[in-house]
Structures are given as C-alpha cells and as structure tokens.
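A short worksheet on the structure shown next.
Bear in mind these aren't lab numbers, they're just calculated from the coordinates by the rules spelled out. Worth saying up front: this structure is predicted, and the values here are computed from it rather than measured. Because the Cβ atoms are built from the backbone with ideal geometry, glycine has one as well, and the counts that use them run over all protein chains shown.
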Amino acid sequence: MVTHDIDEAIILSDRVIVMSGRPGTLREDITVPFDRPRSFEIERDPEYAALRSRIWDLLREDARTAEETA
C-alpha cells in the first residue's frame, strides 16, 4: 500500500517505509509494533505518538534538505 497519510500507514500496516524525495530512496524501514486488530483507540497510546513523531521528523528533514537545494 502506498499512502501519504502517516496515521493510515501506522494503523493499517505492519511496516512503514519512509522514502526520500528525488531521487526516491529508502530512508527508513520501520516495524509497526502494535498487535492486530488495531482500532483508532491506538492513537491515544504514547508509543503511537512517538512513532508518528519519528516518521514526521524523517519527512521534515528531507523537506528541509530539498528546500535548501532549491
């Protein structure tokens, strides 16, 4: 599954692969540590928030790099 939605990726997937911008390379392959079945209640879990934040940090870092080279 390909998505641009971090929450969707965490809730529906067992792994989240974060890609870089051009050229598209693998930034990080992250295992989602939550048991199935998952519900939206998982969003209240501090581990969920930490994982979401980690993914955002990877994306932000790549966006900054792209902005600096533009």
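Listed values, structure above:
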| read-out | value |
| --- | --- |
| Residue tally, condition among the aliphatic types (A, V, I, L, M) and within 18 Å of ALA50 (Cβ to Cβ), over the range 1-16 | 5 |
| Cβ pairs under 6 Å, 6+ apart, first in the range 1-21 and closer than 19 Å to ASP62 by Cβ, second aliphatic (A, V, I, L, M) and part of a loop (DSSP other than H, G, I, E, B) | ILE10/VAL32 |
| Qualifying residues in the range 1-45 (those that are among the hydrophobic types (A, V, I, L, M, F, W, C) and part of a loop (DSSP other than H, G, I, E, B)) - the one nearest to THR65 (Cα to Cα) | VAL2 |
| Lone qualifier among ILE17, ILE30 - being surrounded by 15 or more Cβ atoms within 10 Å (Cβ to Cβ), of a type outside the set (S, T, N, Q) and under 14 Å from the mean Cα position of the chain (by Cα) | ILE30 |
| The range 1-12: number of residues that are over 19 Å from ARG44 (Cβ atoms) and either of a type in the set (A, V, I, L, M, F, W, C) or surrounded by 11 or more Cβ atoms within 10 Å (Cβ to Cβ) (or both) | 3 |
